[in-house]
Structures are given as C-alpha cells and as structure tokens.
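What follows is a set of notes on a single structure, which appears directly below.
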Amino acid sequence: MRMISWEEMRAVDANCQYLGLLPLQLMENAGAAIAREVIASSPGKRVAIIAGRGNNGGDAFAAARHLSGFEVTIYLLGRARDISTEEAKRNWEILEQLHWDLREVRSSEELKLGECDLIVDGIFGTGVKGRVAGLEAEAIDAINLSGKKVLSVDIPSGQGTGKVVRADYVVTFHRPKPDLGECVIVADIGIPPEAELFVGPGDLGLMGKRSRESHKGDSGRVLVIGGGPYTGAPALAALAALRAGADIVTVAAPAEAARAISCFSPNLIVRELSSDHLTPQDLPVLQDLIPAHDVVVMGMGLGRHPDTGDALASIIPLAEKAVIDADALLPGLPLKGIITPHAGEFQRLSGLSLADMDWRERMEPLKGYAREREVIVLLKGKVDLITDGELIRANTTGNPGMTVGGTGDVLAGIAAAFYARTSALRAANAAAFVNGRAGDLAYAERGFGMLATDLVEKIPLAMQLEGEELRK
C-alpha cells in the first residue's frame, strides 16, 4: 500500500468534503475502526479515553459509542465549550445525551489511569506544532508512566515535539503515514479512490500560505516568453499569473507584440525583443532575464517561424523551472517542467493519438510519455489529466464555454504562478482545478458569451472559496 504524507492526507480529507463526503461521516467511520482495534487488543473491559479538543478527540468520542460492553471513561483535557470543531462537538454532545462517563479535567491528577486496562490516546493529531506544555504535556507524562497498554488515534500525540505518547499500537486511517513505527494498523474509513484521483480544494491547500513577513517577489517571479504573430495569448498568461498570486510578471516579446502587450495592463513589465518573432539573437537578453525569475512560461502566441524553434532549443535548458505551452510544444525540443498540451499537441509531440479514447483510456499512454520524458503532463480536455509518470490525477471542473480562445493561455499562467511556490506536480494539479473552477464561475455569469479575460478575473474567487461553497 502506497504511503501518504500527513499534508497529502489533509488534502484528501478536503477533497472528500468537496465530493460531498462530510467530515462527520469520516469521523464516524474512524471511530468504528478504533473501536474494532480496542475490542481486538484490550486486555480487559475497562477503557480510558484521553481526548483533546480537536478532531483527534472527536474520533475518540465516536469510538466510545461503538464499545458496547466495555466500561469506558472519557477524559476531556479542558472544557467542552472549547471543543474546536463541529464534528467533535457533535460527538461529545451525543455522549452527553447517552449519559456516558464524561469528565472535563483541568489537572493530570484527575486522570485515574490505574483503574483501566487500556488507554486510548486522542489528544493531538498532526496539527500540533512547537513545544507541548501545560495540561496536555502532563497528560502525556501520565500516560507514559501508567504502565498500561496504549492505543493512539492516527498518530502518537506530540510526535515530532519532543513530548510524545509511547504507544503500543497506532490506528491510522486510509493509508500508512511516515514515521509511525512498526505497530501500526491501517484502517479503511470509507475514503473513495476518487478523493485521490480528482483534484479539488485540498490540492490548493498543499500550496501553503503566504507569510505575513513576505516581501515583493517572495511569492513568485514569472517570466512569460511569447508573442509575435499573436499578442493576446502572452498577455492572458501574464495576467493570469498575477491573478493567481505571482508578485512580479515580466513579458518578453518580439518588438511589435511587446508594444501592444504593454497597453494591456500597467501591472505587466514588458521587455522588447529584437525582431517580429523570437530568434536566437534574443538569447543574450533572455540569458539575463531568466535567472531573475523563478519560473519561465513560454509558447503562447510565438508562431511557427523556423528561427523560433532554434531559439527555444537554447532557451529551455536555461530555465530551472519551465511551463511549456502552445507553439513551444515541438518535437525534438528538450522539454522540462510542466507541459500543457491538448490532444492534438500531444500527438504532435509523441506520435500517439488520443482522439478516440475516453479519459480513462488516456491514462496509461500519458503516464508512459511523462515517465520517458521526465516531465509533468497536464493534458487539457473535457477531463484534464495530470501525471508525473507514476501518479495520475484528473480534473472535472470546466465547461463547454471554455472552448473560447485564450483559456489554455490562462491555464499556463496559473500553472507558472503556482510552480513558483511549490513542486511541478502540485502546481499542475492545483492549476487545473483553479482554471476550470474560474471558468465555471465565469460561465455562470456569461454563459457561452464568456471570454478568457472573464476567466482571468475569476481566478482569485476560484482560489478563495472553500468546502461546500465550491460545489455550488
């Protein structure tokens, strides 16, 4: 079974909610799984549950109800009014209605652990950071000094802090997690495979948050290389990168195109190149620009002049991080980073036709190509597919209105902005979701009259919405 990181697990939880699987349902399933292991491993019928005020405690509250025939005492570290999530609070209130033995404790001296056969540790999940102190630290010491068998919920409380529960068993959920040791039971709690296949708001959560101490440029500097016969395409990619959170976006474009692009927005920095198309003579200018940016996104509106392919062959290796789209998707180029073809462009690159395949049939050919070329492929379509050659994800946001010109350029700009802040695969996953979601929001207002510029303006809203609101 594939291991999953803690942050990836939080993303799966968020995507479950987006798919309509409520946290309360998962908590109930987790509680039942914990109870099964208590029944299987407890040396006696007396169980002490020591719970914190978050969802880890909520899982333990739910477990209590499944322990019919056991003598269960639930110790809450703190006050019930301070329980921090609705799901945990609901499970506590059910236990109150059922008149279970509930004790709100303020001191570890109130923990009567000598009277139990097994301790269930539900104090902390993965959210605890820094030093554990106060009542929780005292409770961890009491558990470790009790001499009783201990079963931890999801993770031994305090792991990674220096003050940690010494658990005999850990019941973790869905998949194995790192650093849990050997005595781990992986419990199925009903998370469907689709929660890991389809991208969603959880993938945005993997982007991380900006620090309040951030300065200009810390959230990404993007260089767009595009334009020539077309001017709108690179401008759309650049504006999308800004709307997706990049701090600074520079457009390097052939001279006439650069002058037109500079009129699109005062927020864009525009550098004129030498000719009416990208040529190898532009390399000295680009050699200076590329190292000053975190990500280079290229291809939008470049056209097919023979000089352009020669220039791209020299430019792509200079970029540490690259997003390659449209006219830069040429056979024989040294592709890297994220590539964003539609089915026709993918056939041009690979020689593989996907036209008669449904999206599930496309998965293996895409994985094989990504693995061979060592790139992230974001294949645009009715269902977008994203793969690094090993994992593959799918995106179902988007609508037929997005066949309007320019939406692919917007996607490339979003991907570049995200790639400045995270890995290529995570950036591509989140970009596919946000691009489609922004398109859905634009379509709700404009219908088939939506434009790529409408989509650009919806990017911040597509990134901000959370949970159930995203499904409206």
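A simple rule links phi to the HN-Hα coupling: the Karplus curve 6.51 cos²θ - 1.76 cosθ + 1.60 with θ = phi - 60°, which for segment 386-393 gives 10, 8, 10, x, 10, 8, 9, 10 Hz, with x for Gly and Pro. Listed values for segment 145-152 are Karplus-derived 3J(HN,Hα) couplings in whole Hz (6.51 cos²θ - 1.76 cosθ + 1.60, θ = phi - 60°), namely 8, 6, x, 8, 5, 10, 10, 9, and x replaces Gly and Pro. Taking a ≥ b ≥ c as the square roots of the Cα gyration tensor eigenvalues, segment 38-182 comes out rounded, since a/c falls below 1.5. Each peptide in 179-186, 322-329, 226-233 receives the mean, over its residues, of other Cβ atoms within 10 Å, and ordering these scores from highest gives 322-329, 226-233, 179-186. Of all DSSP bridge pairs formed entirely within the chain, close to 10 percent run antiparallel.
Each Lys or Arg adds one and each Asp or Glu takes one away; over the other residues whose Cβ falls under 10 Å from the Cβ of GLU320, this sums to +1.
With R₀ set to 51 Å, the beta-carbon distance separating LYS382 from CYS183 gives a calculated FRET efficiency near 0.65. Between ASP101 and ILE74, the built amide H atoms are under 5 Å apart, and every one of these is 5 or more places off in sequence or on another chain.
Just so you know, the Rg over Rh for segment 178-332 is 1.13, from Cα atoms, with Rh as the Kirkwood radius. Of the solvent-accessible surface of segment 96-252, computed with a 1.4 Å probe and all protein chains present, 46% belongs to carbon and sulfur. Overall, the anisotropy analysis places segment 260-310 in the oblate class: the square-rooted eigenvalues a ≥ b ≥ c of its C-alpha gyration tensor yield a/c not less than 1.5, with a/b not exceeding b/c.
Output wanted: per-residue J couplings in Hz (rounded whole) for segment 67-81, from phi through Karplus 6.51 cos²θ - 1.76 cosθ + 1.60, θ = phi - 60°, x for Gly and Pro. Whole-Hz 3J(HN,Hα) from phi for segment 67-81: 9, 4, x, 9, 8, 10, 10, 10, 9, 9, 7, x, 10, 4, 5.
A crude spin-label estimate for the pair LYS149 and SER214, with each label 7 Å from Cα along the Cβ direction, gives 5.0 nm. Annotation for GLU390 and ASP117: the two label points, set 7 Å from Cα along the Cα-Cβ direction, are 4.4 nm apart.
Each Cα pair under 8 Å and six or more residues apart adds its separation to the average, and for the chain the resulting relative contact order is 13 percent. Counted by Cβ distance under 13 Å from GLY408, the other residues give a net charge of -4, where Lys and Arg count +1 and Asp and Glu count -1. Full extension of the chain between LEU24 and ASP307 yields a length gain of 96.0 nm, computed as 0.36 nm times the residue separation minus the alpha carbon distance.
Grouping the Cα pair distances of segment 329-472 into 5 Å bins from zero gives a pair-distance distribution of 2, 10, 20, 22, 20, 14, 8, 3, 0 percent in increasing distance order. Taking amide hydrogens as placed 1.01 Å from N in the peptide plane, the amide H of VAL251 sits under 5 Å from those of VAL224, ILE269, VAL270, ARG271, each at least 5 positions away in sequence or on another chain. Taking amide H as placed 1.01 Å from N in the peptide plane, the amide H of ILE185 sits under 5 Å from that of VAL170, VAL171, THR172, each at least 5 places away or on another chain.
For the cross-link pairs LYS112/LYS163; LYS129/LYS367; LYS89/LYS382; LYS380/LYS458; LYS209/LYS380, the ones whose C-alpha atoms lie over 30 Å apart are LYS129/LYS367; LYS89/LYS382. Hey, how much of the P(r) for the chain falls beyond 39 Å, as a percent of Cα pairs? The answer is 35 percent, as a whole percent.
Sorted on the mean count of surrounding Cβ atoms within 10 Å across their residues, most packed first, peptides 444-453, 395-404 read 395-404, 444-453. Against the chain, whose longest principal axis comes from its Cα atoms, helix 55-65 is set at around 40 degrees.
Peptides 108-115, 193-200 ranked from most to least packed give 193-200, 108-115, packing being the mean of other C-beta atoms within 10 angstrom over each peptide's residues. Spin-label pair ARG373-GLN347: with each label point 7 Å from Cα along the Cα-Cβ axis, the two points sit 1.6 nm from one another. For LYS321, a cut-off of 19 angstrom between C-alpha atoms picks up these aspartates and glutamates, skipping any fewer than 8 places away in its own chain: ASP218, ASP247, ASP288, ASP294, GLU372, GLU374, ASP388, ASP409.
Dipole size of segment 355-414 about its Cα centre, with +1 on Lys/Arg Cβ and -1 on Asp/Glu Cβ: approximately 120 debye, rounded to the nearest 20.
Accessible surface computed residue by residue for segment 337-464, with neighbouring protein chains in place and a 1.4 Å probe, gives 39 Å² per residue. Can you classify segment 242-289 as rounded, prolate or oblate using the Cα gyration tensor, where a ≥ b ≥ c are the square roots of its eigenvalues, rounded means a/c under 1.5, and otherwise it's prolate if a/b beats b/c and oblate if not? Oblate, because a/c is 1.5 or more while a/b does not exceed b/c. For ASP276 and LEU318, a Förster radius of 30 Å and the Cβ-Cβ distance give a FRET efficiency of 0.85, rounded to the nearest 0.05.
The values are calculated or read from the model by the stated rules, or taken from the named source; none is laboratory data. Please read all numbers here as calculations on a predicted model, not as lab measurements. Backbone-built Cβ (ideal geometry, glycine too); neighbour counts: all protein chains shown. In case anyone asks, the SASA skips ligands and DNA or RNA and just uses the protein heavy atoms, side chains included. Shrake-Rupley method; radii C 1.70, N 1.55, O 1.52, S 1.80 Å.
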